[in-house]
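Comments concern the structure below.
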Amino acid sequence: MASRNESKAMGALTQLESEGLGTGSAIWLKLDLLDPRAVKKAAEEFIGREERLDILVNNAAMMMGVQGSFEKTEDGISAMFSTNYIGPFVFTRTLLPLLTKTCQGGGSDVRIVNVTSASHMALPTVRFRDLNDFNRDFKERIYPSFDRYAHSKLPGLLISRELQNRLDADNVPIIVVAVHPGTVNTFAHRMPFPKLSEWLLRTFASSPDEGSWTSLFAAASPIVLAESGEYKGSYLMPVGKISKGSKQAQSPELAKELWASTEIFLQDIKV
Ligand SMILES: NC(=O)c1ccc[n+]([C@@H]2O[C@H](COP(=O)([O-])OP(=O)(O)OC[C@H]3O[C@@H](n4cnc5c(N)ncnc54)[C@H](OP(=O)(O)O)[C@@H]3O)[C@@H](O)[C@H]2O)c1
């Protein structure tokens, strides 16, 4: 379980152990997605420690209303874009050799799940040519913080399809799936009237438990492997329904542009 906060991680692990983990065990890996260098180091630490990696779920994200989400990192990139897209990209890219190795020997079922968001549907037209595009602030729009969040989640869809195409071309049988978990009651504490918001959200949002269902389906359902032709590079809405996403989320040109600019950015910062 990769996460940044040790005490929260230990609390979660204790809970998992008390609920019963079967024959397995859960171990914490420190991962702060904000800094691409730290992300690469964490992935390398994992590779040094483990022989295989069957399922990678990129779930963590900086949400709207989180302090610091409008700030830029020392690399001059928006903290939200770095956490929600660049970090998971570097983590996945660094772990890819181990994921690929895990496919060898037959009978494997290796998957990458990118948790993204249906908020991308509301975005205006965007480009990903360079750092300026990555840092778009949407100040001209009615709700800039919403657009900035959506803009940091759109790459999850684009890159999932592009990565799937690249893996298919190399005959690597990894399944890549992008997921929208639904509107999930996890953010009331960041809203103006937390108690009231919690109560309101309960009336229409999923519980955190239900919010995990589509990610779990993508990560572990035997259906996804049995019908991999359908699910490879797909985008799933709750619960496990194959969807399309916005028109620009389906654009191979935009995905290629994003991938190329990401590689250039990472080269520039020497990651
Ligand atoms: N909730 C919704 O309605 C909704 C809707 C669409 C999509 N999603 C997506 O679902 C996923 C889970 O969201 P959630 O609702 O569970 O949000 P959440 O309760 O705010 O959880 C986000 C998690 O991301 C972690 N995180 C934030 N910044 C990080 C960083 N720099 N490095 C490592 N971990 C970091 C947080 O860690 P700390 O505990 O240390 O803060 C937290 O555990 C996200 O990808 C989100 O975009 C959620």
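Values computed for the structure shown
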{"read-out": "Unique residue being at pLDDT 95 or above, surrounded by fewer than 13 Cβ atoms within 10 Å (Cβ to Cβ) and away from the ligand (no atom under 14 Å from the Cβ) when the list is E6, E17, E45, E51", "value": "E51"}
{"read-out": "Inter-residue pairs, beta-carbon under 7 Å, first under 15 Å from A178 (Cβ atoms) and in contact (Cβ under 8 Å) with a residue 60 or more places away in the chain and in segment 215-235, second among the β-branched types (V, I, T) and part of a helix (DSSP H, G or I), 6+ apart", "value": "A218/V224"}
{"read-out": "Cross-chain or 6+ apart pairs with Cβ under 6 Å, segment 132-152 first and at positive phi, then away from the ligand (no atom under 16 Å from the Cβ) and part of a helix (DSSP H, G or I)", "value": "F138/P144"}
{"read-out": "Test set (1) in contact (Cβ under 8 Å) with a residue 60 or more places away in the chain; (2) within 9 Å of the ligand (Cβ to nearest atom); (3) not acidic (D, E) - A79 fails condition number", "value": "(1)"}
{"read-out": "Matching residues in segment 132-189 - criterion: being among the β-branched types (V, I, T) and within 20 Å of the chain's Cα centre (by Cα)", "value": "I159, I174, I175, V176, V177, V179, T183, V184, T186"}
{"read-out": "Odd one out for L201, checked against (1) of a type outside the set (F, W, Y); (2) more than 14 Å from the ligand (Cβ to nearest atom); (3) crowded, with 16+ Cβ neighbours inside 10 Å", "value": "(2)"}
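Conditions (1) closer than 30 Å to L98 by Cβ; (2) part of a helix (DSSP H, G or I); (3) modelled with pLDDT of 95 or more, marked per residue:
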site: I159; (1), (2), (3): yes, yes, yes
site: R166; (1), (2), (3): yes, yes, yes
site: E198; (1), (2), (3): no, yes, no
site: L201; (1), (2), (3): no, yes, no
site: T214; (1), (2), (3): yes, yes, yes
site: A218; (1), (2), (3): yes, yes, yes
site: S246; (1), (2), (3): no, no, yes
site: W259; (1), (2), (3): yes, yes, yes
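Condition check ((1) within 13 Å of the ligand (Cβ to nearest atom); (2) of a type in the set (A, V, I, L, M, F, W, C); (3) touching a Phe, Trp or Tyr at 6+ places or on another chain (Cβ under 9 Å); (4) more than 25 Å from P88 (Cβ to Cβ)) across all residues:
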{"residue": "E162", "(1), (2), (3), (4)": "no, no, yes, no"}
{"residue": "V177", "(1), (2), (3), (4)": "no, yes, yes, no"}
{"residue": "K195", "(1), (2), (3), (4)": "no, no, no, yes"}
{"residue": "S207", "(1), (2), (3), (4)": "yes, no, no, no"}
{"residue": "G211", "(1), (2), (3), (4)": "yes, no, no, no"}
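The values are calculated or read from the model by the stated rules, or taken from the named source; none is laboratory data. Just so you know, these numbers come straight off a predicted model, no measurement behind them. Here the Cβ is made from the backbone with ideal geometry for all residues, glycine too, and neighbour counts use every protein chain on show.
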